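Data first, discussion second: the structure below is written as structure tokens.
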Amino acid sequence: MEEYRTHRRIADVRILAAMRKHTTVNLDWELAREAAEILGTSSIIAIVHAALAEALVRHRQALLLRDSPPNLEPKAQDSPRP
């Protein structure tokens, strides 16, 4: 059983290693500095990861809004009182 666990851990490490990608990117450093302040991060990797996560959140929110039927009926508590 221990041999299976060891093999499984090695397989997990290989999968994680395959998911990492090292690349060279030309960044606008002023934009990166401003994004770091807004996102509360300091390293370039953290800035990029936070920006990617933010882009996904915005995209998912847009999909939810697009796919949700509009609720145009006013609620009783929303109507003005005399």
- What nm value, rounded to one decimal, do you get for the distance between LEU65 and SER42 when each label is placed 7 Å out toward the C-beta? 3.5
- Message: Show me the three semi-axes of the equivalent ellipsoid for the range 25-67, from the C-alpha gyration tensor (sqrt of 5 times each eigenvalue), largest first, rounded to whole Å.
- Response: 24, 10, 9
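Readers should treat all values here as calculations from the given coordinates under stated rules, not as data from a laboratory. Remember, it's a predicted structure, so these values are computed and weren't measured experimentally. Cβ: placed from backbone, ideal geometry, glycine included. Neighbour counts: every protein chain shown.
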